[in-house]
Every structure is written in C-alpha cells, then in structure tokens.
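The values are calculated or read from the model by the stated rules, or taken from the named source; none is laboratory data. Predicted model, so just to flag it, every value in this text is computed and none were measured. Cβ placement follows ideal geometry from the backbone for every residue including glycine, while neighbour counts extend to all protein chains displayed.
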C-alpha cells in the first residue's frame, strides 16, 4: 500500500495521539481497509468516529469513501472482484441497513428499466421460437449462476418435456451434453467474471452443433460470443454479488411467452401435473387437509 502509506507517514507528525492510533491500525493491517466502515475502523483503533474523520481530512482526502478508494487503488484491488464490490457497496451505504434497503431497491429498479429498454424484440422472439421448437432444452451454468439455470429448469419443466439442468450433482457439464444435437438448445447464464467452464461448455456446444443462447451481462465472455442470441441484463448490485433481479424477470418473460406459444400441449402438461400433485397431496388445502 505504498501510495496511501506514504501519505500517512508524511502526515504522521501532525496527527494527534488518537489519530496516530488510527494510522497505526491502517499501516499494520492495510488489507482490512477496503471492507471497513469508518465506525469499524474507529472501533478497531479504540477511538471515536470523529477522530477517524479528522484523520482522513489530514491526509487531504474528502471523506471516508475517498479514503477507501485510495486504499483500493494502493492495494490494486481488481475492478469487479468481490472485494471491490464490497467497497463500492460500503461507499453507497456505509453499512447502514436503511441505506442498504434504499440503495438496493433503487439499483434493482434501474436494472429492470435498463434491461427492458435495451432488449431487441427480434432477439427475444428468436429465443422463444427455439424454446418452443427444441427437442430438448438444457439450462446450464456454474457457481452462483447455477441458481438461474435451476430456476429456469424448474419453470420450463412444468410446460414442456425434455428439460435438463446442467451440471447435475455428481456429474460434469459434459455428461449433460450427451444426446444433444442441432435440434436441441442450451441456455447459459454468463455474468461478470468469465469462468473456464463457460469457455469449455460453449466450445463443446459449437463442436456438437448444439444451438446456444446466453442470458447475461455486457462483460466479455466466450459463451456469449459463441451464442446465436445474447440477451443482455443490467446487474449492478450494491454489495459483494451482482443483482439477479433482471435475469430472473427475463426468465419469467421467456417462460410466459413460451407457455402461451405452446398452447394446448402446455395446458395438457399442466393438467397432468395437477393430477400428480393430487396423487402426492403436495399442497395443503384451506382447511388444513391434504
């Protein structure tokens, strides 16, 4: 942390004893600064929050957010990394619950507006066409994006046959590509930092001739570059993770449009599913009886 450390050492002789305690904590544990609030730094140093404010001002910085920005730059925290996202979230909320609720709500509303404003209707229609016509549909992704694949798989299984979610527990994604070909469809959800699995799975789809659609953000990703259609979502979050509100909403739109297009076959499948719910007494009635 050479840049910020140099500023602190240069200002050290002008600091009060309490401010020196803050400086000592900063110099001893620079890696903690990016994710600290001013209150947490004060508690760690055993001083008041106003002391931290005065300490930051003596470094010539305009507030604690600017101090955290300087720490990020000095520590060379990569843009988009969880640590960077944590710091950006703290800049916006200072760790206060009320601010977190307000900022999250505003970010999610903005993400929805930007996503739907940027959608191309022809691309959307092309994806629905493939979801309707495909012999088999596989929703696939990894790490936290696997939750999107699982959600989409659970929905589409309700209205059409031969829906897969990849990878299945205990297998690799490649196992789920067995039997897939030009008449099928793979849908992936690549977001932010590209993973090696995105490259491998999308390349395998290309080799096998399996059509690929991606629902993700605007960050470069080998999967979205190989896709026939890429539906871009705004995913700016307030904390460590991206917001999946927009992609979840888009999955709902695709599901509803596909259900409407399928018509009678979807209705027959829904009717059959209701019979199975009755057989297994899946739901509790209003009177508390299965």
Tell me which residues, restricted to region 1-34, are more than 15 Å from residue 74 (Cα to Cα) and in contact (Cβ under 8 Å) with a residue 24 or more places away in the chain.
11, 14, 15, 16, 18, 19, 21, 22, 23
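Restricting to region 215-224, count the residues that are touching a strand residue (DSSP E or B) at 6+ places or on another chain (Cβ under 9 Å) and under 8 Å from residue 202 (Cβ atoms). Show your work before the answer.
Taking region 215-224 and keeping what is touching a strand residue (DSSP E or B) at 6+ places or on another chain (Cβ under 9 Å), we get 215-218, 221, 223-224.
Going one step further and asking which of them are under 8 Å from residue 202 (Cβ atoms), we end up with 223.
The number of residues fulfilling the criteria is 1.
Pick out the one residue from 259, 214, 285 that is within 19 Å of residue 148 (Cβ to Cβ) and over 23 Å from the mean Cα position of the chain (by Cα). Even if it seems obvious, please write down each step before you answer.
Working: 214 fails: over 23 Å from the mean Cα position of the chain (by Cα); 285 fails: within 19 Å of residue 148 (Cβ to Cβ).
When all the criteria are applied, what remains is 259.
In region 155-173, which residues are without any contact (Cβ under 8 Å) to a residue 40 or more places away in the chain and surrounded by 13 or more Cβ atoms within 10 Å (Cβ to Cβ)?
So the first thing to find is which residues in region 155-173 are without any contact (Cβ under 8 Å) to a residue 40 or more places away in the chain, and the list is 157, 162-173.
Within region 155-173, 157, 162, 163, 164, 165, 166, 167, 172, 173 meet the criteria.
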Considering only region 52-69, I want to know if a residue exists there that is free of Cβ contacts under 8 Å to residues at least 40 places away in the same chain, outside any loop (DSSP other than H, G, I, E, B), more than 26 Å from residue 219 (Cα to Cα) and out of contact with any helix residue (DSSP H, G or I) (no Cβ under 8 Å at 6 or more places or on another chain).
yes
Can you pull out every residue in region 1-38 that is assigned to a loop (DSSP other than H, G, I, E, B) and either surrounded by 14 or more Cβ atoms within 10 Å (Cβ to Cβ) or touching a strand residue (DSSP E or B) at 6+ places or on another chain (Cβ under 8 Å) (or both)?
1, 15, 36, 37
Scan region 191-209 and report the pairs whose first residue is within 21 Å of residue 180 (Cα to Cα) and whose second residue is at pLDDT below 90, with Cβ atoms within less than 7 Å and a gap of 6+ or a chain change.
197/173; 201/173; 204/174; 204/177; 208/177
Note: among 206, 201, 250, just one is crowded, with 21+ Cβ neighbours inside 10 Å, in contact with a helix residue (DSSP H, G or I) (Cβ under 6 Å, 6 or more places away or on another chain) and assigned to a helix (DSSP H, G or I), namely 201
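Residue under question is residue 42, and the condition is that it be loosely packed, with under 15 Cβ neighbours inside 10 Å, touching a helix residue (DSSP H, G or I) at 6+ places or on another chain (Cβ under 8 Å) and not in a loop (DSSP other than H, G, I, E, B); does it hold? Break it down into steps so the answer makes sense when it comes.
Values: loosely packed, with under 15 Cβ neighbours inside 10 Å: no; touching a helix residue (DSSP H, G or I) at 6+ places or on another chain (Cβ under 8 Å): yes; not in a loop (DSSP other than H, G, I, E, B): yes.
No.
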Scan region 228-237 residue by residue and report those that are surrounded by fewer than 23 Cβ atoms within 10 Å (Cβ to Cβ) and either on the phi > 0 side of the Ramachandran plot or in a loop (DSSP other than H, G, I, E, B) (or both).
228, 234, 236, 237
